[in-house]
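Here the structure is laid out as structure tokens; the discussion comes afterwards.
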Amino acid sequence: MEVTVTIHFVLTIDPTEQYPLAAFAEFLTEQRLESTLLEAIIESLNDVLVEAYCGEKHAQGNGTNRFQRSTTKIRTAVTTVGEHEFSLGYVKDTAATDDENAHFRPIEQFVDFNGKKRYQQDIAARTVDLATALSYRDAASHAEDLERTPSKDTIRDRVTECGRKLTEFVSSRIAGSEAETVIPDGTNCYSQDEDREYHDVRVTLAEDTETASRSVLDVSVNTPWSEIADTLDTAEAITDDAKVVSDAEKSLVGAFQTDTRDHQLDLSHVPRTLGYKLWDDGALSLEDRNEIISEVSGELFHLKNSVEKHRPQEEYSAIRSRIARTKERIEKTAWQLEQLSSPKAASYLRSGLDSMVTFAEDAIDGFEVPWTSNPVERAMGEVAKRCKRDWMQWSEEGLDTLLQLSLTKYANPEYYREFFDEFLQRSTHGKIRCSVSVTTNGGEL
């Protein structure tokens, strides 16, 4: 099907003035030429289709046709090129039965008007993308390149809709991905629900150490770690011998760690947790506590530096020696703490020691395991920027769907692009062709 649209454009300027090129560009944008062209194209296509059904307008014999021209109505819509009013004619099917719709717009067989929604999918995609970084109110007011934007409530509804669909989209792609390193972490966001003050946000990333890249495996709100781990296991998103890098939260470690999976404790958490345990024991002065923290941290980061130095040269005996020395010194510190009436700090060092050196022991086997959970900590920073301001309160679904969008955009940008390519059906672009020629007709001074 083919239509031809002709635009007659007359430009008048004052020859005594000099105009910046930018002024012409802004002026043409203000004329809404794209919007005018879109309206003309859709109306022309509809006219062609109506004629195909009903015959040429006013032609003799049309009155006996099955399909008859009917009323013309305005269909309003808003797209990224403007606010539109399409004057579209209906066709009446005189052979329609009582349970069939006798009146229809032929154009709707070829053009999806997004149901009865006023704002079309391109507006939804643009404002949803803005909402991943801005509040709904700011997203409604910051789309400066759009002639008209939805209300904050409409944007929120589109975020919920897109967030649900994106969850399914990403889940289908991570199934069977078999991540070898996972980095989970959690945080809290204020709740607007009456039954809870906070929502528990839980994020699980997969880390590819070879390519230094990461992706989101799961984003959940108020879901127990055990259920998250079971879901990822069922989807075969994690290998049976994956390494789990995280803080020491018991429910998290217990959910992911198995007989075949080792846990790597984030070394940057050790000084903080040890400091708290020493304070809680209440047996040592601040100066003594700081000295112990410094000694333990020094041992662990000496081990980290040793691994970074010797692993590339496959000098595994040096790493093995450093592991033994590190464990020996920390065990000695734990014994000393027990003698100094600091049982909680001593227990923390003993129980966590194996998890502190997992990355080094794996290096001996030629594997690189992160010693820190910084990647997921940065993802938590994205959560904080968008969702943890003091005045923000969330419903569980609203928080969940927004975080699906925000964190997929952050950690899986290729999935984010693919999802919106599918959402906007951009594959249809290749099936639309046009030719454009511009002829100037001169002018007069």
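The values are calculated or read from the model by the stated rules, or taken from the named source; none is laboratory data. The structure displayed is predicted, hence computed values, not measured ones. Cβ placement follows ideal geometry from the backbone for every residue including glycine, while neighbour counts extend to all protein chains displayed. The accessibility values were calculated without ligands, DNA or RNA, using every heavy atom of the protein model including side chains. Shrake-Rupley method; radii C 1.70, N 1.55, O 1.52, S 1.80 Å.
Annotation: peptides 128-137, 86-95, ranked by per-residue average of other Cβ atoms within 10 Å with the highest first, follow the order 128-137, 86-95.
Divide the volume of the convex hull around the Cα atoms of the range 397-445 by the residue count and you get 182 Å³ per residue. The Rg/Rh ratio of the range 153-215, with both radii computed over alpha carbons and Rh defined as the Kirkwood radius, is 1.08.
How big, on average over all directions, is the shadow cast by the Cα convex hull of the chain, in nm²?
Working: hull surface 141.4 nm².
Result: 35.3 nm².
Springs between alpha-carbon atoms under 10 Å, Gaussian network over the chain: tell me which of Pro20, Pro370, Pro271 tops the mean-square fluctuations. Most flexible of the set in this elastic network: Pro20. Normalised Debye scattering of the range 313-412 at q = 0.17, 0.20, 0.24 Å⁻¹ gives log10 I(q)/I(0) of -0.84, -0.94, -1.17, counting only Cα atoms as equal scatterers and leaving out solvent.
Take the cross-link list Lys277/Lys385; Lys409/Lys431; Lys304/Lys327 and give me the ones stretching past 24 Å between alpha-carbons. If you can, show how the numbers build up before the last one.
Working: Lys277/Lys385 30 Å; Lys409/Lys431 28 Å; Lys304/Lys327 13 Å.
With Cα atoms farther than 24 Å apart: Lys277/Lys385; Lys409/Lys431.
Summing Cβ point charges (Lys, Arg +1; Asp, Glu -1) relative to the Cα centre of the chain gives a dipole of roughly 560 debye. Taking the Cα atoms of the range 10-149, the ratio Rg/Rh between the radius of gyration and the Kirkwood radius comes to 1.13.
The range 84-147 and the range 208-285 have their alpha-carbon centroids 45 Å apart. Rolling a 1.4 angstrom probe over the protein heavy atoms with all chains in place gives the chain an accessible area of 58 Å² per residue.
As a length-normalised measure over Cα pairs under 8 Å and 6 or more apart, the relative contact order of the range 341-445 settles at 14 percent. Based on Cα contacts under 8 Å between residues 6+ apart, the chain shows a relative contact order of 14 percent.
Rg and Dmax of the range 90-233, based on Cα coordinates, read 21.7, 67 Å.
Net length available on complete extension from Met1 to Glu108 is 37.1 nm, with 0.36 nm assigned per residue and the Cα-Cα distance removed.
Averaging Cα coordinates gives a centre for the range 329-362 and one for the range 25-49; these two points are 72 Å apart.
Run the helix sum for the chain: -39,500 (n - 2.57) per DSSP H stretch of 4+ residues, divided by residue count, reported at 222 nm to the nearest 500 deg cm²/dmol. Write down the numbers at each step before the final one.
On the way: 15 runs with 213 residues, N = 445.
Computed ellipticity for the chain at 222 nm equals -15500 deg cm²/dmol.
Taking the range 1-145 as the region of interest, the number of lysine pairs whose Cα atoms are within less than 19 Å, with members eight or more places apart or on different chains, is 5.
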